[in-house]
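A short worksheet on the structure shown next.
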Amino acid sequence: MDKEELIMELIDRVAGEVGQIIYTLHPKREFTDEEIAEELGIEINDVRRALFYLYELGLADYRRKRDDDTGWMEYYWKIHYEREDEVLRRELLKTKKKLQEKLKLEESSVYYLCPNGCIKVNYEEAMDLGFMCPRCGEELQYFDTSLVLEKLKEEIEKIDKILDSLKPKKKVV
């Protein structure tokens, strides 16, 4: 997956389809949420919501200015495409940390499953339950986590490769 696909997947996950549409417009100047809503024919609240999600990600900034005629605050937005690497790096590092925590937990536990998919419990909980599912009464079965461990390690490796491909952060001296 290349960088553009990754950033679009991240934007879709956080800001949805409207966020993706706004991001792909590549506006060269500041714009208001009203201008984008009108240009795209999208409800202004959907545009505002997507822009605030992009802001939370660090890909957009805004400034407020009071409209002299109406007295209402207008928001002037700017998309910061130059921050893509920084945002991706931060989000990938968060994901990697969660995967490493999950890996550590999976490596240190033995699990049992209900054959009907009711529950997944660790060994201690399975013992407390007498190795019987409390919902359906079936006998709990040992769950081999080797495939889960393998997949977690693969995902961590993929993230490491992507992180290596991103431009390194510039160090201020």
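A few comments on the model shown:
- Taken over segment 8-36, the criterion of being hydrophobic (A, V, I, L, M, F, W, C), surrounded by 14 or more Cβ atoms within 10 Å (Cβ to Cβ) and outside any helix (DSSP H, G or I) is satisfied by F31 alone.
- Residue within segment 76-85 that is farther than 30 Å from D164 by Cα, of a type in the set (F, W, Y) and out of contact with any Lys or Arg (no Cβ under 8 Å at 6 or more places or on another chain) present: yes
- Of the residues making up segment 91-118, those that are aliphatic (A, V, I, L, M) and either touching a strand residue (DSSP E or B) at 6+ places or on another chain (Cβ under 7 Å) or free of Cβ contacts under 8 Å to residues at least 60 places away in the same chain (or both) are L103, L105, V110, L113.
- So R63, is it exposed (fewer than 14 other Cβ atoms within 10 Å of the Cβ), in contact (Cβ under 8 Å) with a residue 12 or more places away in the chain and farther than 30 Å from I162 by Cβ: yes
- I159 meets all of the listed conditions (1) surrounded by 13 or more Cβ atoms within 10 Å (Cβ to Cβ); (2) more than 22 Å from Y55 (Cα to Cα); (3) in contact with a strand residue (DSSP E or B) (Cβ under 8 Å, 6 or more places away or on another chain) but one, namely (3).
- Enumeration of residues in segment 136-148 that are among the charged types (D, E, K, R) and assigned to a loop (DSSP other than H, G, I, E, B): E138, D144
- Meets criteria (within 30 Å of D61 (Cα to Cα), in contact with a Leu (Cβ under 9 Å, 6 or more places away or on another chain) and among the charged types (D, E, K, R)) for E82: no
- Extreme residue, nearest to I7 (Cα to Cα), among residues of segment 37-71 that are aliphatic (A, V, I, L, M) and not in a helix (DSSP H, G or I): L59
- Only one of the listed residues (E74, E84) is in a helix (DSSP H, G or I) and either at pLDDT 95 or above or over 19 Å from K153 (Cβ atoms) (or both). That residue is E84.
Results for (1) assigned by TED's automatic domain parsing to the domain that holds I44; (2) acidic (D, E); (3) more than 23 Å from D2 (Cβ to Cβ), shown as yes or no for each residue.
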{"position": "R90", "(1), (2), (3)": "no, no, no"}
{"position": "L99", "(1), (2), (3)": "no, no, no"}
{"position": "E106", "(1), (2), (3)": "no, yes, yes"}
{"position": "L113", "(1), (2), (3)": "no, no, yes"}
{"position": "I119", "(1), (2), (3)": "no, no, yes"}
{"position": "E125", "(1), (2), (3)": "no, yes, yes"}
{"position": "C133", "(1), (2), (3)": "no, no, yes"}
{"position": "L140", "(1), (2), (3)": "no, no, yes"}
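- Residues in segment 114-131 that are surrounded by 13 or more Cβ atoms within 10 Å (Cβ to Cβ) and of a type in the set (D, E, K, R): K120, E125.
- Filtering segment 122-135 to residues that are touching a Leu at 6+ places or on another chain (Cβ under 7 Å) and not in a loop (DSSP other than H, G, I, E, B) leaves A126, M132.
The values are calculated or read from the model by the stated rules, or taken from the named source; none is laboratory data. As the structure is a computational prediction, the values presented were derived from the model and not from experiment. We place every Cβ from the backbone using ideal geometry, glycine too, and count neighbours over all the protein chains shown.
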